Structure formats: structure tokens, C-alpha cells
Amino acid sequence: MTELVGSSIILRHNKQFVFEIQKKHKWTTTTSGDLKIGIGCIGGAIEEGETPLTALYREVQEEIATEIEIFPVNNPFLVSTDFQLSPLIPDPSIDDTLFCWHGYNQARICTYLGQTRGEPYPNDLGGILLTDPQTLFKAYTEGLTVKQARKTGSVIIEKDPIPEEALLSPVGTAEILCKINQLNNYQLPVWFTTV
């Protein structure tokens, strides 16, 4: 089996989804001089002795200091490096995984679907973005500043000051979600709308 190196979650909070706003040391500048800040799904690396799910519970506590509920899923799938979707072979070590995707060096990241059981706070993050899928997809396809995201009804909970004119850019699992949406002809996957 391919090495599992990380886990992440598509995490709902009330009627929005929770995305991390990367810490300042990960911010970059575009060739045109715009500040670019990554937004990703909550999650991280699997440490020695952890399963993907126990790693996820730990990462959620570290990053947003709340409890979560994982939803059971039907028809889990694999996203290949060329973005082909195929059924995920059943494996008890990754039960309740919505999908796995290939990260760096062909290692896999398991992604779950769930909801918060408390108020998220950017414990070990620069901030948190609470938004809807359409705003995430717009950030990916058209570009979106922090100020523009706020105008859509998105909520930004800052631990560190985040410039209003900075561009938000989906990374990691959030970027994979955007690519899956494009493969699906911009029709939101049912699991992104029915939670």
C-alpha cells in the first residue's frame, strides 16, 4: 500500500466550511507584487503510531481547539496525480475516508468529512476562514482578496493581522477540492452540499 502521510477534513461549522489561513512565514508574493496567502483544509502529518483518524483528531485540537464529528461516507474514492477519480479499495485503517489524494512523492493524504462540535479558534494558525464552497472556488479560479471574501459573507477569525488586499489561494486538500469541482463541470459534489 502507498504510504499514508497526512490527513485532512472538509469541515463544516454551522452553514459554512472551515479553512486554515496559513501562518505568515508561508505567505508569498506574486510576480506582480501581490501578497498571496494559502488557505487549506484543517489537518496535517500522521506521526509515528497514529492512524489517519487519530492524527486528524490531534491536528484539529492543535489547529482550531475544538472537537469534531466525522461523518460516515459511501463510495470513497482516490484522486490520482493526473486527477482521475476511481473507487478507493476498502481498507479498515482508513475507514470513513471520503477520498485519498496523492501528495508529494506519491504519498497519500486521507480526507474526511465532518462538522465541528464547538467554536473553532485559530489556536496554532494565523487565522481561520469560514466560507461557502462557491467562495473557495472563486478564490481558485478568479482570485479573491481577503476584503472581497468578507463581502461574500465569509468570516475571518484572525490570530495574526491579515492584510485586506492579500490574495487567498487554495492549497493542499482545498486545491484538490477545487480541481474535483472543475472535473465535475462546476457542479458541487453532493457531499459538499448535503452535510
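A few remarks follow.
- Of the strands (runs of 3 or more DSSP E) entirely within region 14-73, those holding at least 3 residues that are small (Gly, Ala, Ser) and under 26 Å from Thr145 (Cα atoms) occupy 35-45.
- Flag if Arg150 is touching a Ser or Thr at 6+ places or on another chain (Cβ under 7 Å) and basic (Lys, Arg): no
- From the list Thr97, Thr135, Thr111, the one residue that fits, being assigned to a strand (DSSP E or B), crowded, with 20+ Cβ neighbours inside 10 Å and polar (S, T, N, Q), is Thr111.
- Against the criterion of being touching a residue at least 40 places away in the same chain (Cβ under 8 Å), farther than 21 Å from Leu125 by Cβ, in contact with a Ser or Thr (Cβ under 9 Å, 6 or more places away or on another chain) and not charged (D, E, K, R), Leu4 qualifies.
- If only residues of region 138-155 that are among the hydrophobic types (A, V, I, L, M, F, W, C) and either at pLDDT below 95 or surrounded by 20 or more Cβ atoms within 10 Å (Cβ to Cβ) (or both) are counted, the one that is nearest to the chain's Cα centre (by Cα) is Ala139.
- Inter-residue pairs, beta-carbon under 8 Å, first free of Cβ contacts under 8 Å to residues at least 12 places away in the same chain and on the phi < 0 side of the Ramachandran plot and in region 46-68, second part of a helix (DSSP H, G or I) and buried (at least 20 other Cβ atoms within 10 Å of the Cβ), 6+ apart: Glu47/Ala55
- Test set (1) closer than 30 Å to Glu164 by Cβ; (2) over 15 Å from the mean Cα position of the chain (by Cα); (3) small (Gly, Ala, Ser) - Gly49 fails condition number: (1)
Quick grid of which residues meet (1) β-branched (Val, Ile, Thr); (2) within 16 Å of Gly118 (Cβ to Cβ):
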| position | (1), (2) |
| --- | --- |
| Arg12 | no, yes |
| Thr31 | yes, no |
| Asp34 | no, no |
| Gly38 | no, no |
| Cys41 | no, no |
| Pro52 | no, no |
| Ala65 | no, yes |
| Glu69 | no, yes |
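- Lone qualifier among Phe77, Phe71, Phe83, Phe17 - being within 22 Å of Gly153 (Cβ to Cβ), within 18 Å of the chain's Cα centre (by Cα) and either surrounded by 12 or more Cβ atoms within 10 Å (Cβ to Cβ) or of a type in the set (A, V, I, L, M) (or both): Phe17
- From the list Asn123, Asn185, the one residue that fits, being modelled with pLDDT under 85, not in a strand (DSSP E or B) and not hydroxyl-bearing (Ser, Thr, Tyr), is Asn185.
The values are calculated or read from the model by the stated rules, or taken from the named source; none is laboratory data. The shown structure was predicted, so the numbers you read here are calculated from the model rather than taken from an experiment. Using ideal geometry, Cβ is built from the backbone for each residue, glycine included, and neighbour counts are taken over all protein chains shown.
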